[in-house]
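These notes concern the structure reproduced below.
The values are calculated or read from the model by the stated rules, or taken from the named source; none is laboratory data. The structure presented is a predicted model; accordingly, all values stated were derived computationally and were not measured. Positions of Cβ are backbone-derived with ideal geometry, glycine not excepted, and every protein chain shown enters the neighbour counts. These area figures cover heavy atoms from the full protein model, side chains too; ligands, DNA and RNA do not enter into them. Shrake-Rupley method; radii C 1.70, N 1.55, O 1.52, S 1.80 Å.
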Amino acid sequence: MRIAVIPGDGIGVDVTAEAVKVLRAVGDQFGRQFVVETLPWSADHYLATGITIPPGGYAMLRDEFDAILIGALGDPRVSDNCHARDILLGTRFELDLYVNYRPVRLLHERLCPLKGRTPADVDFVVFRENTEGLYVSIGGRFKAGTDDEVAVQEEVNTYKGVHRIVRHAFEWARAKGRRRVCMVDKSNAMAQGHALWQRVFHEVRTQYPELEARHVYVDALALLMVQDPSQFEVIVTNNLFGDIITDLGAALQGGLGLAASGNLHPGRTSMFEPVHGSAPALAGKNVANPMGAILSVALMLEYLGLLPEASAVETAVKDAVVSGHGTKEIGGVLGTRETGDYIANLIRTQTRHHGGH
C-alpha cells in the first residue's frame, strides 16, 4: 500500500516521524508492505520555492496513493497561512473529503478534566461536514482598513452536502452497533441554512427506525458535553460547529495530543491527521505528544480494511497511556521519540503473543 506522508510544520515533523515508525512496526509484524513517500510540502518548502502545492499535486495524491498521513501546518513566517490553506483545506476540497471523522475516546480516567468520569462515559464520534459551511471562503471585505469596513462571510449548505454527511452518520451508527445519533445545528438563529439541516435530518432518520435520533442546538450541546458526555454516541454537524466541538471533545479525552481524525471520501483516497496544531515553540524539543498522530495511523489502517492492525495500534497506545509511558502533559515521563519507540516495540511484542505473523 502506498502512503503519502506530509509532515508539515513545527511539531508536525516530530509526531509524524513517530507515526511512521509505528506504521513500519505494523508492517513488520503483520507482513504488510507500506511504501511511504514523504512529501516536502510545508512552510519551509513554500518559503524556499514559492510553491504551496505543485501543479498536479492533488491529482497525484488522489491517483497514486492509497492514503495520506499529514502532520500539522502553520508557521508564523507565513502570516496569511496560504500554504496551510492550499495543502490542508485544498486537499479536503479537491479530493472531496466530505467526512471529518473524529472519535472521542477517553483512554484513562485520570486524563478527563470532569470529576468521576470513566472511559465508559467518554466514547463517542463526531462527524463534521468537511467541504461546505463557512469554510468555503465566499464573501469579501468592503472599505477594508477603514472605520466603515464591512466584512461578509457566507455559509454554504447544499442538499447534497448535508444529505451525504447525515446519511454517513446514520450508516456508521448502524454498522458499528451504536444506537444514538444526534444532529447539531443552530436553526433557531440561522433559519435559512439550518432549515436544510432540519429537513434532511428528518428525512434520513425515518430510514433508520432502530436508531434513536435527536436534535440539539450547538450551544446546548457544549453544555451537555461537559455535564454528561455519556449520553452521546454519534454526533453529526456542520463544518464550523464540528471544528469547535471536537476541540471540546479533545479536552474530555485528555487534550489535543491524543486526538486523531480522518478526512474521508468513502471508497477513495483519504487523509488522516492529528487534530492539534503545529506549535512552533515546541518543535524539535522532543516534548510533543505523538499519540494523536499514531492514533490517526490506526484510523488509516481501519479505513484501509486492516482491522487487526488498527486494533493493535489502539491497544498499544492505550497500554502506553495507562502505564505512564507517554509525554509529560498526560502524566508520563517520556519524550516524543521515546513514546514512539515504546508503542512500536509494544506492537512488535504484543502482537506476537496474539498470533501476529
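At-a-glance table
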read-out: Number of positions in segment 287-343 that are in contact with a helix residue (DSSP H, G or I) (Cβ under 7 Å, 6 or more places away or on another chain), within 18 Å of Asn263 (Cα to Cα) and either without any contact (Cβ under 8 Å) to a residue 24 or more places away in the chain or open to solvent by 10 Å² or more (accessible area, probe 1.4 Å) (or both); value: 3
read-out: Residue check for Arg352: at pLDDT 95 or above, of a type in the set (Lys, Arg) and surrounded by fewer than 21 Cβ atoms within 10 Å (Cβ to Cβ); value: no
read-out: Per-region count, segment 263-285, residues more than 12 Å from Gly71 (Cα to Cα) and open to solvent by less than 30 Å² (accessible area, probe 1.4 Å); value: 5
read-out: Met271 vs. criteria in contact with a Leu (Cβ under 9 Å, 6 or more places away or on another chain) and part of a strand (DSSP E or B); value: yes
read-out: Test: residue in segment 117-133 that is loosely packed, with under 12 Cβ neighbours inside 10 Å and in contact (Cβ under 8 Å) with a residue 24 or more places away in the chain; value: yes
read-out: Residue ranges of strands (runs of 3 or more DSSP E) in segment 63-178 with at least 1 members among the small types (Gly, Ala, Ser); value: 67-72, 133-142, 150-156
read-out: Odd one out for Ala151 among (1) under 23 Å from Arg178 (Cβ atoms); (2) free of Cβ contacts under 8 Å to residues at least 24 places away in the same chain; value: (1)
read-out: Criterion: open to solvent by less than 30 Å² (accessible area, probe 1.4 Å), within 18 Å of Ala310 (Cβ to Cβ) and not acidic (Asp, Glu) - qualifying residue of Ala19, Ala4; value: Ala19
read-out: Flag for Ile235 being farther than 29 Å from Met1 by Cβ, in a helix (DSSP H, G or I) and not aromatic (Phe, Trp, Tyr); value: no
read-out: Hits in segment 251-275 (condition: under 23 Å from Pro7 (Cβ atoms) and touching a His at 6+ places or on another chain (Cβ under 8 Å)); value: Leu256, Gly257, Ala259
read-out: Residue in segment 38-51 that is over 28 Å from Met225 (Cβ atoms), small (Gly, Ala, Ser), assigned to a loop (DSSP other than H, G, I, E, B) and under 20 Å from the mean Cα position of the chain (by Cα) present; value: yes
read-out: Selected residue (only one of Ile87, Ile68 is at pLDDT 95 or above, in contact with a Leu (Cβ under 9 Å, 6 or more places away or on another chain), surrounded by 17 or more Cβ atoms within 10 Å (Cβ to Cβ) and within 25 Å of Ala279 (Cβ to Cβ)); value: Ile68
